[in-house]
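The values are calculated or read from the model by the stated rules, or taken from the named source; none is laboratory data. Values in this document were obtained by computation on a predicted structure and should not be read as measured data. Cβ: placed from backbone, ideal geometry, glycine included. Neighbour counts: every protein chain shown. Heavy atoms of the whole protein, side chains included, go into the accessibility calculation; ligands, DNA and RNA do not. Shrake-Rupley method; radii C 1.70, N 1.55, O 1.52, S 1.80 Å.
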Amino acid sequence: MTSATTRTSTTTTAITNIAALVTNDPSLGDGSPIGLIQDAAVVIDGDRVLWVGESSKAPATDNAVDAGGRAAVPGFVDSHSHLVFAGDRTQEFNARMSGRPYSAGGIRTTVAATRAATDDELSANVAKYLAEGLRQGTTTQETKSGYGLTVADEARALRVASRHTDEVTYLGAHIVAPELADDPAAYVDLVTGDMLDACAPYARWVDVFCEKGAFDGDQARAILTAGRAKGLQPRVHANQLSYGPGVRLAVEVDAASADHCTHLTDEDVDALAHSRTVATLLPGAEFSTRAPWPDARRLLDAGATVALSTDCNPGSSFTSSMAFCIALAVRDMGMTPDEAIWSATAGGAAALRRTDVGRLTPGARADLVLLDAPSHVHLAYRPGVPLTWGVWRSGERLH
């Protein structure tokens, strides 16, 4: 099977001799949800995919790259991370691995370090972790504020983030700022008032940590409602540490995603399955905190849309590797390799309500990863091995 779109530029490149190409288009290839084409080729025109199909049928192009029998997948879409921070929490991790449980309170350690950092230091950190992810195949990256918790510090976090990525999330409601720990209502007023006013120009999304020790359902609803009134789209940190109202609130407000989804009732699962809210699972957090794994199989069998993301942050999931998260999801969360690669690409795109990334079909942004392996299954089959052989983003070969 082949598919093409109208050529719009004067320079085209064909990547041929691809052993197995994941398109995420079920109308192509084997007809599965990942639309797998064997012995495939991709033609790039400018920053877009022009054509995909069997390698022997590829049209003539200006340039050619021989994939050498490697597999190709869409660039990973990491739809949940916290990259605007300073310092690390090595001692906390060491203590946790020695028996101390994780709680939301550890965030305060990073807040102090982030407030003390300069803008240049924060920007360098964001650039460092974005580059780290890109080397591993992440071509679309969301990131959040949430380690400033003052008007000035949250606004500068988002200003810094917006220099590096278009997918920026306002998370002033990460926890209650230490200065207002005894007056959470006043902090909610700040998050929905002056802080929101200062932050909205730099963000696309508004998020809230709806959890014991952070914000309850009513507070979270007020924060998301205020954010939406300023033009921000909602997403929710939901049901990570305990059962609670986060998932159902996310569905109620038509949030793009409910993230974590570790502790779910049957009602939560049903709500997700009958909504367009994506369940974004973050197995790096469970790995790093020894918490129970999210049950991806339960969500998928119910008909929910599932995404995988790294949750890269210095406290509970200090990884930028989408491949690692894929391996965890297959090994410990009940996903098949096909489901995991879809969730790490098209699923992440759905969690960002994007249709231009997460797939390799004509008209999509030309974000592609060549794996030094004959199949995407190797991402789970060979955990911890650096399999990224080449990365293209917006049609440009980067690695």
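What the table shows:
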{"read-out": "Per-region count, the range 285-303, residues surrounded by 24 or more Cβ atoms within 10 Å (Cβ to Cβ) and of a type in the set (Gly, Ala, Ser)", "value": "2"}
{"read-out": "Tabulated pairs, the range 376-395, first under 17 Å from residue 135 (Cα atoms) and open to solvent by 30 Å² or more (accessible area, probe 1.4 Å), second among the polar types (S, T, N, Q) and outside any loop (DSSP other than H, G, I, E, B), C-beta under 9 angstrom, 6+ apart or interchain", "value": "393/139; 393/140; 394/139"}
{"read-out": "Members of the range 19-34 that are under 24 Å from the mean Cα position of the chain (by Cα), part of a loop (DSSP other than H, G, I, E, B) and not β-branched (Val, Ile, Thr)", "value": "24, 25, 26, 32, 33"}
{"read-out": "The range 57-109: number of residues that are of a type in the set (A, V, I, L, M, F, W, C) and in a loop (DSSP other than H, G, I, E, B)", "value": "7"}
{"read-out": "Which listed residue is within 29 Å of residue 346 (Cβ to Cβ), modelled with pLDDT of 95 or more, among the aliphatic types (A, V, I, L, M) and in a helix (DSSP H, G or I), from 131, 155, 185", "value": "131"}
{"read-out": "Condition met for residue 306 (open to solvent by less than 10 Å² (accessible area, probe 1.4 Å) and touching a residue at least 40 places away in the same chain (Cβ under 8 Å))", "value": "yes"}
{"read-out": "Criterion violated by residue 280 - all others in (1) closer than 16 Å to residue 77 by Cβ; (2) hydroxyl-bearing (Ser, Thr, Tyr); (3) assigned to a loop (DSSP other than H, G, I, E, B) satisfied", "value": "(3)"}
{"read-out": "From 379, 360, 398, 368, residue being in contact with a strand residue (DSSP E or B) (Cβ under 8 Å, 6 or more places away or on another chain), at pLDDT below 95 and farther than 25 Å from residue 302 by Cα", "value": "398"}
{"read-out": "Residue match in the range 187-194 (condition: open to solvent by less than 10 Å² (accessible area, probe 1.4 Å), in contact with a helix residue (DSSP H, G or I) (Cβ under 7 Å, 6 or more places away or on another chain) and among the polar types (S, T, N, Q))", "value": "no"}
{"read-out": "Selection status of residue 38, out of contact with any Ser or Thr (no Cβ under 7 Å at 6 or more places or on another chain), surrounded by fewer than 16 Cβ atoms within 10 Å (Cβ to Cβ) and over 30 Å from residue 173 (Cα atoms)", "value": "yes"}
{"read-out": "Members of the range 204-241 found to be assigned to a loop (DSSP other than H, G, I, E, B) and either open to solvent by less than 20 Å² (accessible area, probe 1.4 Å) or of a type in the set (D, E, K, R) (or both), listed by number", "value": "204, 211, 212, 214, 216, 230, 232, 235, 239, 240"}
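Each row is one residue, and each column tells you yes or no for (1) crowded, with 24+ Cβ neighbours inside 10 Å; (2) touching a residue at least 12 places away in the same chain (Cβ under 8 Å).
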| site | (1), (2) |
| --- | --- |
| 111 | no, yes |
| 116 | no, yes |
| 121 | no, yes |
| 131 | no, no |
| 138 | yes, yes |
| 141 | yes, yes |
| 144 | yes, yes |
| 149 | yes, yes |
| 173 | yes, yes |
